[in-house]
Amino acid sequence: MRAAELLSVQDEARWGQALPASVSVFGSVEFAAVQRDLRGADPRLFVLDSPHGAIAHPLLLRPVADLDFDAGSSRDLFDAATPEYTGPHAAGPLDDAARRAFADELSSWCAATGIVTEFGHLHPWKARTELLDAAAIERDRQIIYVDLTQDPERMWRESFTHAARKNVKRARREGVRVYAAASEADLRELHRIYTLTMDRQGASERHYFPYEYFAAIRERLPDNSRILLAEHDGRIVAATLYLHDSADAYSYLGGADHDAQRVRPTNGIVDEMIRWARAQGKQRLILGGGYSDGDGIFRFKSSFSPLRASFHVYRRVHIPEAYAALTEAWRARHAGSRDPAGFFPPYRAPGPAG
């Protein structure tokens, strides 16, 4: 077995061969380039060849130096996180030798590179969790998905709740027009709607995205993204950006004008995306979850499907002494505040006023 390769966005051809967007849209080099250019990340693809094909693990590195306090280390340190719905990917079976080699090579690289922590957003169906330390995997929440292989009539009757069917019909009756974005003006409407939604929800700064982010997603992933807008009475009242690979479509970023809620524009968008994704041969539409199981967003999404999957995360400390020093520095910076429950790494948490 050959030594691992560490690819950057500059290694576009090799990255695209090891983990193409058709296999993992969030793990693709195109998505990585957007994170580099517009989110301040330093993407890497950790690739290890095995007898049955490559093991590919996408990571987004963030320098510890961007924190608002000084931990006193003279060494360049980083935290690593996977993009959404990824984790290590491998197409074929893996034997014990491949699993051991992956764990050893990844740990050695993290220690040598100065990666303090690794946080994984694990795809419920595709992530090869047997490659990871089982003790570091935790259930995060439930997510909702639609089985697109169902007969459409059965889906309408049995997957959609009565409320969902009623609201889709209302959107149609009220003249809501759902269409795919085709212009810069459409992109700007998506950004406007999304920003208004974040404002209304009191979202933190990290949940805001500039217009250029949406434009870059569309430019770099034209065959793996779809933007749907809902128009009513001559104005855009809801919009959603979906990403998709060969098996799955994902609800990514979107929102709606609260004043237009009565005409149910988002119901119209979800219904149209289900129809389109099914026609494209996708297996699932992953709607995600809410801020907590059972909240209003969760209930809305669950009206389209009774199906649930457990979404797991991976929390691994690679350099314990640096982790301890950074955590203590966070406590000193935010004296008197409690450690943020559930936040990993804890020293990335905003202060009590944030």
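Worth a mention:
- Going from the residue with the fewest nearby Cβ atoms within 10 Å to the one with the most, Phe31, Phe298 rank Phe298, Phe31.
- Cut-off under 5 Å, modelled amide H: who pairs with Gly87 long-range: His121, His123
- Placing R0 at 51 angstrom, the Cβ-Cβ distance between Ser107 and Arg275 gives a FRET efficiency of 0.65 after rounding to 0.05.
- Between Asp259 and Gln10, the modelled labels are 5.0 nm apart [label points 7 Å from Cα along Cα→Cβ].
- Matching label, Cα Rg over 2.2 N^0.38 Å computed from the structure shown, candidates [x] 0.90; [y] 1.00; [z] 1.04: [z]
- Sorted by Cβ density within 10 Å, fewest first, the residues Val25, Val237: Val237, Val25
- Put in line by how crowded their Cβ is, counting other Cβ atoms within 10 Å and starting with the fewest, Thr149, Thr266 read Thr149, Thr266.
- In order along the range 119-127, the phi-based Karplus estimate (6.51 cos²θ - 1.76 cosθ + 1.60, θ = phi - 60°) of 3J(HN,Hα) comes to 10, x, 9, 8, 5, x, 10, 9, 5 Hz; Gly and Pro are listed as x.
- Using the Karplus relation 6.51 cos²θ - 1.76 cosθ + 1.60 with θ = phi - 60°, the per-residue 3J(HN,Hα) values for the range 318-333 come to 9, 10, x, 5, 5, 4, 5, 5, 5, 5, 5, 5, 4, 4, 5, 5 Hz, with x marking Gly and Pro.
- The chain, relative contact order [Cα under 8 Å, separation at least 6], %: 21
- Cut-off under 5 Å, modelled amide H: who pairs with Leu77 long-range: Val64, Ala65
- Site pair Ser310 and Ala182 shows an inter-label distance of 4.6 nm when each label is modelled 7 Å from Cα along Cα→Cβ.
- Point-to-point label distance, Glu153-Phe69, nm (Cα→Cβ direction, 7 Å offset): 6.3
- Shape call, the range 201-354: gyration tensor on alpha carbons, a/c limit 1.5: prolate
- Cβ-derived FRET efficiency at R0 30 Å, Gln17 paired with Asp96, nearest 0.05: 0.70
- Of all the options Gly342, Gly175, Gly268, the one that moves most in a Gaussian network model of the chain with Cα springs shorter than 10 angstrom is Gly342.
- The long axis of helix 96-113 is offset from the longest Cα principal axis of the chain by roughly 80 degrees.
Any read-out appearing in this document is the output of simple, stated calculations on the displayed coordinates, not a laboratory observation. Source: prediction; values computed, not measured. Ideal geometry is used to build each Cβ from the backbone, glycine not excepted, and the neighbour counts take in all protein chains shown.
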